[in-house]
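One structure is given below, encoded as structure tokens.
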Amino acid sequence: MKTQVAIIGGGPSGLLLSQLLRKNGIDSVILERQTKDHVLSRIRAGVLERGLAALLKEAGCGARLEREGFIHKGTVLSFEDTQIGITFADHVDADVVVYGQTEVTRDLYEAHTAGNGKIEFKVKDVEIHDAKSETPYITYMAEGSARRIDCDFIAGCDGFHGVSRNTIPSNVREEFEKVYPFGWLGILSETPPVDDELIYASSPHGFALCSMRNANLSRYYIQCDSDDKVENWSDDAFWKELKRRIPQEAAQKLVTGPSIEKSIAPLRSFVCEPMQWGRLFLCGDAAHIVPPTGAKGLNTAASDVNYLYRALVQFYNKGDESSLKKYSETALARVWKAERFSWWMTSLLHRFPDQSPFDLKMQQAEIEFLRTSTAAQSVLAQNYVGLPY
Ligand code: FAS
Ligand code: PHB
């Protein structure tokens, strides 16, 4: 098979890139190792920056998001008995949209199918060849037979556990990582959200987050031990723990119900430099991971896709390779700012197993500064709604 851009990974990064390329007359093929149903069964991000919403609209996939997305004009941070309401419009001319990553992926798959996009599911043994040449290719197995795709470029959109990143030689690649000593236990429940805004809560018992998907679908998280197991947590145990971590007025009005999904996500910060090698370009989780505290994972994947798609259009339409040559530098400039914000929110709001009384005082002082400083709130708002592309 021959294509212009071979995309490894049929998650949001790969699908969005494929859709944007198709809109600009550039041919691509997606290789996905799972089934579509498996990809759509993942419950992940919930908050979209305007930049991602605009890209989805540009890709022709923004209609349902515009109809069903919840515009959020602020967020709430609570630290023990202190609550800080951040109103984005007081600081930036932007807001965010609450709309689950699952729905984004569903919309992208629908557009991909409607556009007769090419995708192969349940592929195995994907291997990248000659990425440093002008004629890279991919070999893989599908339906028991060996396949090959010859292409001009390869987009590694295959997430943290994919093959793309490790195709960059270890003596070329530099990896930066911080693994946090805790995870997030998340549940989905068909109950009304506890508040109109998201509540990021820090308590002596640990962190909790109150989020939502729609007026009758709520998403809650509590910080848990990194080696904790979902089976250790009954729904009742989860609700009881959540109530003692969020502000009391929220706890009193919390509507509980059976979980329809329950999972634990590990927390890490990770960046691979560079994000390109020859004609291989990494996008999204294939290149970087953030703790979800800043709601930056999916949104930073979107800015990578934005830079790569525009550079590819510039190459195919004008023969200009300059943006492709600068892709890694351009993408990493924004990636690192998202990493910093996600690390800062995580460090501020979580209780670390080994933290000292001094460390706690630093968290309390940071919260008090945030509560009393417009400048500090403005920095949070600018980062939360998403820095410019
Ligand atoms: P993805 O991992 O979504 O997609 C990669 C795709 O590549 C997958 O479909 C995979 O099956 C496929 N693939 C992998 N290896 C392959 C191979 N060798 N061949 C072919 N295909 C291959 N972000 C937030 O903002 N908020 C959150 O609350 C949040 N929660 C998360 C919870 C979990 C458990 C995880 C893992 C991530 C979470 N994220 C969250 C981050 C998440 O939203 C990612 O940023 C987002 O999925 C990135 O999208 P992709 O880059 O497409 O990677
Ligand atoms: C979610 O709704 O899943 C969500 C929202 C905000 C975050 C992380 C996760 O920071």
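The values are calculated or read from the model by the stated rules, or taken from the named source; none is laboratory data. Note that the structure is a prediction, hence the values are computed from the model and not measured. Quick reminder, even Gly has a Cβ in these numbers, built from the backbone with ideal geometry, and neighbours come from all protein chains shown. Each accessible area value is taken on the protein alone, full model and side chains, heavy atoms only, with ligands, DNA and RNA left out. Shrake-Rupley method; radii C 1.70, N 1.55, O 1.52, S 1.80 Å.
Identify which of Thr300, Thr372, Thr346 has the largest mean-square fluctuation in a Gaussian network model of the chain, with springs joining Cα atoms closer than 10 Å. Top of the fluctuation ranking is Thr372.
Overall, the accessible surface of the chain at a probe of 1.4 angstrom is composed of carbon and sulfur to the extent of 50 percent. Look at the alpha carbon pairs under 8 Å that are at least 6 residues apart: their mean separation over the length of the chain gives a relative contact order of 20 percent.
The angle between the Cα long axis of helix 101-114 and the longest principal axis of the Cα atoms of the chain comes to about 30 degrees, rounded to the nearest 10. Among Arg371, Arg219, Arg33, which one shows the highest mean-square fluctuation when the chain is modelled as a Gaussian network with alpha-carbon springs under 10 Å? Comparing Arg371, Arg219, Arg33 in a Gaussian network model of the chain, the most mobile one is Arg371. Remark: for residue pairs Lys36/Lys337; Lys262/Lys337; Lys132/Lys318; Lys36/Lys240; Lys118/Lys262, the C-alpha separation exceeds 28 Å in Lys36/Lys337; Lys262/Lys337; Lys36/Lys240; Lys118/Lys262.
The distance separating the Cα centre of the range 111-137 from that of the range 241-302 comes to 27 Å. The phi torsions of the range 167-179, fed into the Karplus equation with coefficients 6.51, -1.76 and 1.60 and a -60° offset, translate into couplings of 6, 6, x, 4, 7, 9, 7, 10, 10, 10, 9, 9, 9 Hz, rounded to whole numbers, with Gly and Pro shown as x.
Amide H contacts for Ser164 (H built 1.01 Å from N in the peptide plane; partners 5 or more residues away or on another chain; cut-off under 5 Å): Asp158. The separation of the range 177-202 from the range 144-174, counted between C-alpha centres, amounts to 33 Å. Ranking of Trp233, Trp239 by solvent-accessible surface, largest first: Trp233, Trp239 (1.4 Å probe, protein heavy atoms only, all chains present). The charge dipole of the chain, taken about its Cα centre with unit charges on the Cβ of Lys, Arg, Asp and Glu (plus for the first two, minus for the last two), comes to roughly 580 debye. The string of couplings for the range 53-64 from the Karplus curve (6.51, -1.76, 1.60, θ = phi - 60°) is 4, 5, 5, 5, 5, 4, 7, x, 10, x, 5, 5 Hz, one whole number per residue in order, with x for Gly and Pro. Across Ile8, Ile43, the residue with the most accessible area heads the list, and the full order at a 1.4 Å probe is Ile43, Ile8. Each of Ser218, Ser323 has its accessible area taken with a 1.4 Å probe; listed largest first, they run Ser323, Ser218. With protein chains left intact and a 1.4 Å probe, residues in the chain average 43 Å² of accessible area per residue.
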